[in-house]
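The values are calculated or read from the model by the stated rules, or taken from the named source; none is laboratory data. On a predicted model such as this, the values are computed, not experimentally measured, just so you know. Glycine gets a Cβ as well: all are built from the backbone with ideal geometry, and neighbour counts include every protein chain shown. For the accessible areas, the whole protein counts, side chains as well, though only heavy atoms, and no ligand, DNA or RNA atoms are used. Shrake-Rupley method; radii C 1.70, N 1.55, O 1.52, S 1.80 Å.
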Amino acid sequence: MQQPLSTGHGAPLQNSSTAPECHQQVPSKAPLAPTAGLYNFTYYQNNYQAPAHNIVRPPLCPTSLGTPQGPGQMHNALPLGPNLVAAGPQFDPVFLSTPPQVGYVPSGGHYPGQVHYNVPSQSTAQGIPPSSSYPGFSYHTMPAFNTQYNTHLTSQTTHSATAQPLVGVLSSHVKPLPETGQRPIQASFQPYPAGDVAASWQPLPRALMTTSAGPVINPPAVASSANSPTSAGPPLSRPHHINQSYQPDRAKVATFPAIGAPLARRPPSSVDPPVSSSASPAPATEAHHDSTSSPTTAPAPSDPCPLKSTKPFGYAYPTLQPGYQNIASPSHSVSHPTGLGYSPGPQQFTQPFSSVNQLSSNMEGLNLRNKRRTEALRQVSLLQERDILPPVPNLIPQSNLSPELKKLNCSPDLFRCTLMNIPQTQALLNKAKLPLGLLLHPFRDLTHLPVITSSTIVRCRTCRTYINPFVSFLDQRRWKCNLCYRVNDVPEEFMYNPLTRSYGEPHKRPEVQTATVEFIASSDYMLRPPQPAVYLFVFDVSHNAVESGYLNICCQSLLENFDKLPGDSRTRIGFITFDSTIHFFNLQEGLSQPQMLIVSDIEDIFLPTPDSLMVNLHESKELIKDLLKVLPTMFTNTRETHSALGPALQAAFKLMSATGGRISVFQTQLPSIGVGCLLSREDPNQRSTTKGVQHLAPATDFYKKFALDCSGQQVAVDLFLLSGQYTDLASLACMSKYSAGSVFYYPSFHHVHNPAQVEKFQKDLKRYLIRKIGFEAVMRIRCTKGLSIHTFHGNFFVRSTDLLSLANINPDSGFTVQMSIDENLIDTSIVCFQAALLYTSSKGERRIRVHTLCLPVVNSVADVYAGADVQAITCLLATMAVDRSVSSSLSDARDALVNAVVDSLSAYRSTVSNLQRSVLVAPNSLRLFALYILALLKQQAFRTGTSTRLDERVFAMCEMKTQPLVHLMLTIHPNLYRIDNLSDEGSIIVGDKTIPQPPILQLSAEKLPKDGAFLMDCGSVMYLWIGRNCSNNFISEVLGFPNYASIPQNMTHLPELNTILSQRTNDFVSWLRDSRPFLSIIYIVNDDGPMKANFYQKLVEDRTESALSYYEFLLHIQQQISK
């Protein structure tokens, strides 16, 4: 039996911007009883047999890597390059220290001509509590648990009595994919109309502060305890479903049949009961703030009188959105405060429409919503209607919200839900057999983002929700929280609108007009000054690495983008190289050239000169450039074939732990010596097996422990893997998964033999170096009372029930959240979700980015189906399938994906459809569900019977866990266009270019006539297929070759020729490429080329030797439903 790790993350961390006394104690070890949901997708094994995704509990925090510094050996013989200094180990190292505590000064105003004035401070200590009870969350349906060892960290579930994550929920037998989770937010890279004004709130002149109200007296608030240890409870009294929205009515698993075999189901296999893990809290700045209230503020008293279907504003107060006028609130949560500081209750009036025009407008909106609902519920016979693919990218389904609320809602590129209409009860969700979850892309690059500087960030005093467009103003002085329904006071400063320079219109402030805003946080949101941007590069310089030629590309890219690295005057940088020894570089200001120091004792790593290895980027600029120029040639003649990656990571942790930051690791082979060494586990003869894929889980827990240590010290690890051989990515990827890092994989990389990968690596590295970055971040997700967070998915460290620790946050990562309905939502017509991301910018500013999503509540299963977002559902199930593949088996994951289709279409036929029972029917909103799931089964991560390298399969799974929705959908189901006949019909204008918009075609060979040219967009790669009979005019004007026979077999670029057809084609391809952050390689494919097989494997509607065609798959689904 493995023992839990003994250190670290449970103790206050020196480099966290959080008060250590606010850390939440979490149960150490907790076994969870088996559950019985058809979508129970995760079950657990032993400690640190890590899954492919990062659903982690806080307390598993290993000790700091490495041992105390001791004697080591230095080598004097070096290749030509920087001076080599032989030095003994430093027994009294001086580590890089955090700058002394200084007062935080909020940034200056963004509005011209601001009026400065002083207002008595009424601000509370804003923040996100790390603990316990919020009215916006209900956990009482979660089972209790008792303690035990041997927990596999795979999924986090919340506990009812403790509000703590449950770590080991699993089914007693194999069931289909969990249906309550969600995936990363769609990012279509469209302008976000949030306004480009950076609002800076400044006080009014004292003369303008006069109000008729008397003095406001705020008695001290009593803070609830958040730090008491949580005791273990009794065993589970009833099963708890990973996907609570899915209650099983059968115990069968739809087995995907083999070609030629009769279509049939097989009985489910059983699994062992789950176990949970120990977890200790880690500090969080936002967690600290959410659990505190200012001693000068008090909670508002409740009023028992309900306010249903009432105006949100008092008499003679201007109305906000008409959509608020009919929002009913739970009677037990609405109050008329009567204490000191509260004005009398608002006078209510019932006039629903102020004019005939408003009535007419509302009727038109209602008619439009009815038409959309009718279209979404239009019954589609899947076996008869074959051309179901829309000619344009699939649009997001529309919710039943009023037009006014839709205009205010969060962009689906940032925040997206699998169901645009939320079921009123858990029973209704179970009846629909669809998952409920959220997909987030919280740090996405935005063209317009309101930035607000204010000494008072207005938040609910109970659940700590940030004020947003969906709150209700009862009058000028009071607003009601849209999550917990508490009535709060409007602070004096919030009465002033600097945009209009008017007073008394709080409902016109940007916070209440925009669903996505960013606040400049005050010193209340930090315990220490924000950390500087710190970058450490760790390079593999073994013989294999030198042969690949990657180091020259890395150094050249760093030189070209040296001045574009995000940061300020405090930015620090360092370099480590390694083969069988570890090489450090002294770049201290004042040296004439860099000095390299070698530590050969990899069993006892120490820092030879701790105070000169991480240097100021600007002060040592010339030394750094000198090093980057000579580094590629220093190891040219090396014969060292070993790779001591583990010791190099230990050294990197020692360098970075004092400040936090980012470690970028470049690896080209399997680690062979020292701690963390790995052995090859791949059998090339099993790459195309149809039985079971082995070794998807890590071989050692070293890299996971290392990542947890890094996360505790606000360090993220990004991995670049450049190798043509097996390198056990399943183990190495853990260093990024659990530290909120990223994984980049370039198979068969070689600077001469694979120019396409070289170009991609160059462009990706440039994006990586200069993209926006946030440090020491935490993200909390809140939801309306009655809903609760069930499970998180992505690369992060789970700190508490709803709080994620993100040592780094980047604009290209997404997250998935499974939700559950704990209480009936009968008393409300809308629900809201809010994600708050607190981070330190590269410029040293503490910022809070807030996204709020509002969705309607419906009481009919037909409305639930009408609002089903099939792309979001598919991405969520893909995330769940990755977890199932690691925790159980790939075959179980595939069976569960098939069951997801069977169950949802069966439920639709039995509850809504009025067609014959023998017809395979789906609502129009789900007409693509079966097609997307079939495409997912044929995707690299889940396919069987086709030769797939193990590292490539694992990387595909990593991508599914972290990619935003829009990019993931291209990976699952590519878009196919015919481009030899592009025209301006239906084109769009982007800048000064006209971009053609050809229709999207079905992924079938029958759509590929031999006389055409077709572009397949798969996200990270594109294929331009040229038919054998394609026009010579197109080939010559677009590719620059006279005919089909003259096209090279390994062509990987599209030339820019001085022809109209070439310009039109290049404009279209460039427009597609510009919609994603990283470069898409383009391969020119013909029937004789090496990429032909890859192209045809993407035609997911066609039959292959090991997979059904789309039509055969539909027959299989129909047979399963009919059982």
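Computed values, structure above
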{"item": "Cβ-defined net charge surrounding Gln1002, 11 Å radius [Lys, Arg +1; Asp, Glu -1]", "result": "-2"}
{"item": "Label point distance in nm, Gln762-Asp601, each placed 7 Å from Cα along Cα→Cβ", "result": "4.4"}
{"item": "Proximal charge balance of Asn497 [Cβ under 14 Å; K/R count +1, D/E count -1]", "result": "-1"}
{"item": "Residue among Leu551, Pro529, Ile605 farthest towards the positive dipole end of region 518-631, charges placed on Cβ", "result": "Pro529"}
{"item": "Low-density loop cleavage sites - GluC sites (Glu not before Pro) in region 944-1039, where at most 16 other Cβ are within 10 Å (DSSP)", "result": "Glu985"}
{"item": "Summed side-chain charge close to Val599 - residues other than Val599 whose Cβ falls under 14 Å, Lys, Arg +1, Asp, Glu -1", "result": "-3"}
{"item": "Mean Cα-pair separation over length for region 1029-1081, i.e. relative contact order, pairs under 8 Å, 6 or more apart, %", "result": "27"}
{"item": "Among the listed pairs Lys737/Lys763; Lys625/Lys772; Lys629/Lys704, those beyond 31 Å (Cα-Cα)", "result": "Lys629/Lys704"}
{"item": "Whole-Hz ³J(HN,Hα) from phi, Karplus 6.51 cos²θ - 1.76 cosθ + 1.60, for region 997-1009, glycine and proline x", "result": "10, x, x, 7, 9, 5, 7, 8, 5, 5, 8, 10, x"}
{"item": "Size of electric dipole in region 566-610: Cβ of Lys, Arg +1 and of Asp, Glu -1, about Cα centre, debye, nearest 20", "result": "260"}
{"item": "Magnitude of the charge dipole, region 487-575, Cβ model with Lys/Arg +1 and Asp/Glu -1, debye to 20", "result": "140"}
{"item": "Segment Asp683-His753, length gained on full extension (0.36 nm per residue, minus Cα span)", "result": "22.7 nm"}
{"item": "Low-density loop positions, trypsin sites (Lys or Arg not before Pro), region 584-653 - DSSP coil, at most 15 other Cβ in 10 Å", "result": "Arg639"}
{"item": "Inter-centroid distance (Cα atoms) of region 908-970 relative to region 428-485, Å", "result": "31"}
{"item": "FRET efficiency estimate (nearest 0.05) - Cβ-Cβ, Asp1087 to His618, R0 60 angstrom", "result": "0.60"}
{"item": "Size of electric dipole in region 964-1026: Cβ of Lys, Arg +1 and of Asp, Glu -1, about Cα centre, debye, nearest 20", "result": "180"}
{"item": "Taking region 719-835 and dividing mean pair separation by its residue count, relative contact order in percent (alpha carbons under 8 Å, at least six apart)", "result": "27"}
{"item": "Computed FRET value (nearest 0.05) for Ser910 with Glu1006, which takes r as the C-beta separation and R₀ as 45 Å", "result": "0.85"}
{"item": "Whole-percent carbon and sulfur share, accessible surface of region 548-595, 1.4 Å", "result": "39"}
{"item": "Region 466-566: trypsin sites (Lys or Arg not before Pro) in DSSP loop, at most 12 other beta carbons within 10 Å", "result": "Arg501"}
{"item": "Rounded FRET efficiency, nearest 0.05, which uses the C-beta distance separating Asn1050 from Arg386 and R0 of 25 Å", "result": "0.10"}
